[in-house]
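Report on one structure; see the data block that follows.
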Amino acid sequence: MDISSRINYVNKYLKDKFGERTLKICIDAGFTCPNRDGSKSFDGCIFCSENGSGEHLKSNLTIYSQIDSFFKSYKIERANAFILYFQNFSNTYGEIETLKSRYDSAIDAFNKLASKYTNHKRLVGIQIATRPDCINEEIVELLESYSNNFTVTVELGLQTSNDENNFLNRCYNNDDIRKAVSLLRAKNIDVVVHVMLGLPTPTGIETHKDIENTTKFINSLDIQGIKIHSCYVVKNTKLEKLFYEKKYTPLNLMEYLEELSYVLTHISPDLIIHRISGDAPKDILVAPDWNTHKKWIINGIYKKFTTEDLWQGKFYKSKNELI
Ligand code: SF4
């Protein structure tokens, strides 16, 4: 099957929706996570990094300064339409007044900076990453209040549908996901789920059957988009310990491409694909090395190179690079 015909990429989707190239401005809004502050656990998910998966963010700066820094960078010239992306930790975890004040301060900052530096940059959306157990009716109403002016998207961590025993220490379950999706969709808020392939299990690594089950679960949800990447190991996580104890070995690139191909060809073709590769910074990535080579994944998945080509080193320098 030609996978490219099945992939509905987010860049094209946003361009069609807003009439021009649209970029995200990633923000650390200073939230934490119930799985970090002791409400659910102090340990965090087994794979989660110290910064709640926001290593690229300028977390030491205020929201205003983070957006100001984006406006001063070359990236501002790459588009005229922007989405404020509240990226790391759980961005709906807090009192409702706190949530509103942080979302509003980001929106105000964008508008002030847009009129200070230029008059043709526009804010078209807000995207909020969070956990499913941090969604309730009051929060959904707040999010809905922004939808008159912006496209509002909520990104929910799923990772897998196979964590009955909470081995990953997510401290939420499939029912939490179903409930969150249902509350958000009742107010027409778009939902993106985040999925990892090759997650650790009590006996090693998830099987293809587990990935099939997760894919079926995804297909049972009324969601609009998906982010997928291979599970990778970063420093100072429980997963790092498992890796060094040889109790967990991540997928190699070929295995990931096989599983990714399966998911892409078995989810609804209407789902918008927001990501198919991970983005752990090199300085904190423990394994696998190939994770930093986004192009290997893109080229592999589009079958510009056949599996045989890959193994014969026509694209990769050696077979070892795949492992
Ligand atoms: S829910 Fe997200 S921020 Fe919280 S511990 Fe898990 S991965 Fe980290």
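The values are calculated or read from the model by the stated rules, or taken from the named source; none is laboratory data. Because the structure is a prediction, the values reported are computed rather than measured. Positions of Cβ are backbone-derived with ideal geometry, glycine not excepted, and every protein chain shown enters the neighbour counts.
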State all residues of the range 45-69 that are near the ligand (Cβ under 9 Å from one of its atoms) and in contact with a Cys (Cβ under 7 Å, 6 or more places away or on another chain); if no residue qualifies, say none.
47, 52
State which residue pairs qualify: first residue among the charged types (D, E, K, R) and surrounded by 14 or more Cβ atoms within 10 Å (Cβ to Cβ) and inside the range 1-14, second residue in a helix (DSSP H, G or I) and at pLDDT 65 or above in any location, beta carbons under 7 Å apart, and separation of 6 or more residues or different chains.
6/264; 6/265
Among the candidates 122, 131, which residue alone is of a type in the set (Lys, Arg) and touching a Gly at 6+ places or on another chain (Cβ under 7 Å)?
131
With respect to the numbered conditions (1) surrounded by 13 or more Cβ atoms within 10 Å (Cβ to Cβ); (2) modelled with pLDDT under 95; (3) among the small types (Gly, Ala, Ser), which one is the sole condition not fulfilled by residue 318?
(1)
Here are 249, 265, 307: which of them is at pLDDT 90 or above, among the polar types (S, T, N, Q) and over 18 Å from the mean Cα position of the chain (by Cα)?
249
Matching option when the condition is touching a residue at least 24 places away in the same chain (Cβ under 8 Å), away from the ligand (no atom under 16 Å from the Cβ) and under 30 Å from residue 247 (Cβ atoms), among 162, 174, 88
162
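Would you pick out the residues in the range 162-195 that are of a type outside the set (Val, Ile, Thr) and surrounded by 21 or more Cβ atoms within 10 Å (Cβ to Cβ)?
If the condition is that a residue be of a type outside the set (Val, Ile, Thr) and surrounded by 21 or more Cβ atoms within 10 Å (Cβ to Cβ), then 163, 168, 170, 172, 180, 184 are the ones that fit.
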If we scan the range 132-151, do we find a residue that is away from the ligand (no atom under 12 Å from the Cβ) and farther than 26 Å from residue 100 by Cα?
no
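With respect to residue 38, is the statement that it is without any contact (Cβ under 8 Å) to a residue 24 or more places away in the chain, in a loop (DSSP other than H, G, I, E, B) and within 13 Å of the ligand (Cβ to nearest atom) true?
Numbers: without any contact (Cβ under 8 Å) to a residue 24 or more places away in the chain: yes; in a loop (DSSP other than H, G, I, E, B): yes; within 13 Å of the ligand (Cβ to nearest atom): yes.
Taking the combined requirement at face value, the residue satisfies it.
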Scan the range 44-88 for residues that are of a type in the set (Ser, Thr, Tyr), over 30 Å from residue 287 (Cβ atoms) and surrounded by 19 or more Cβ atoms within 10 Å (Cβ to Cβ) and jot them down.
none
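Where in the range 224-307 are there strands (runs of 3 or more DSSP E), lying fully within it, with 3 or more residues that are touching a helix residue (DSSP H, G or I) at 6+ places or on another chain (Cβ under 7 Å) and crowded, with 20+ Cβ neighbours inside 10 Å?
Working: elements: 225-230, 272-275, 285-287.
Where strands (runs of 3 or more DSSP E) fall fully within the range 224-307 and carry at least 3 residues being touching a helix residue (DSSP H, G or I) at 6+ places or on another chain (Cβ under 7 Å) and crowded, with 20+ Cβ neighbours inside 10 Å, they are 225-230, 272-275.
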Residues in the range 144-156 that are touching a Phe, Trp or Tyr at 6+ places or on another chain (Cβ under 9 Å) and either farther than 24 Å from residue 85 by Cα or free of Cβ contacts under 8 Å to residues at least 60 places away in the same chain (or both): how many?
2
